[in-house]
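Just below is one structure, and these are the notes that go with it.
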Amino acid sequence: MNSTTATEPLDGEDLINYSDVTARIAYLESRDCHQPDREEYPCAGWYDCPTCDEASERELTSLRDLEEAMRPANEASDRAIAIRDDYLETFVRNEADDLVGDGLNFLESYVKWDELTADRAAEMKEITFGSTTYYITT
């Protein structure tokens, strides 16, 4: 999985953990200079401030939508993941390799990965985050 910190935007990542989404939301909310209980202005020139920076405001809105979509899966398993659309086949291949192990080498030429990926995607919730489609799984 890609390693991110709360100070880095998540859009474009292959895999996004629920915990990364909630950490990024908390970070952006902590940078908001217009919170009523704020005695100082943490946005330091509007960078990453959802009130002052339009890009951060859009990101925060998108993150909240993503968090809401991922929440039921996370509550069910405590390990919800959003998978970028064009990374989904790689994810399915890795998942199969984890299940079958060395036996996958013999089956590789018989598996219709595009069909298997489409079947797996049909089981997942689809959401657009930023301008990218992600699939949510556990």
Simple SL model, points at 7 angstrom along Cα→Cβ for residue 86 and residue 107; separation in nm is 2.9
Residues 127, 16, 83 arranged by fewest to most Cβ contacts within 10 Å
127, 83, 16
Table column - 3J(HN,Hα) (Hz), the range 126-138, Karplus curve with 6.51, -1.76, 1.60, x for Gly and Pro
9, 8, 9, 10, x, 10, 10, 7, 10, 10, 9, 9, 10
Which of 65, 98 has the fewest Cβ neighbours within 10 Å, and the rest in rising order
98, 65
Values of log10 I(q)/I(0), in the order q = 0.15, 0.24, 0.25, 0.33 Å⁻¹, for the range 89-138 under a Debye, Cα-only, solvent-free model:
-0.47, -0.93, -0.98, -1.28
Scan around residue 52 for amide H atoms under 5 Å from its own, H built in the peptide plane at 1.01 Å from N, and keep only partners 5 or more places away or cross-chain.
33
Quick calc, residue 94 & residue 23: beta-carbon distance into FRET formula, R0 30 Å, rounding 0.05, result 0.80
So, R0 is 35 Å and r is the distance between the beta-carbons of residue 57 and residue 116; what FRET efficiency does that work out to, to 0.05?
0.35
Karplus couplings for the range 22-32 from phi (6.51 cos²θ - 1.76 cosθ + 1.60, θ = phi - 60°), rounded to Hz, Gly and Pro as x?
5, 5, 5, 4, 4, 4, 5, 5, 6, 8, 6
Go through the range 118-125 residue by residue and turn each phi into a ³J(HN,Hα) via Karplus (6.51, -1.76, 1.60, θ = phi - 60°); whole Hz please, and just put x for glycine and proline.
5, 5, 5, 5, 5, 7, 10, 7
Using the number of other C-beta atoms within 10 angstrom as an exposure proxy, rank 135, 27 with the fewest first.
27, 135
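Just so you know, all these numbers are worked out from the coordinates, no wet-lab data involved. These numbers come from a predicted model, not from an experiment. Positions of Cβ are generated from backbone atoms using ideal geometry, with glycine treated the same way; all protein chains shown enter the neighbour counts.
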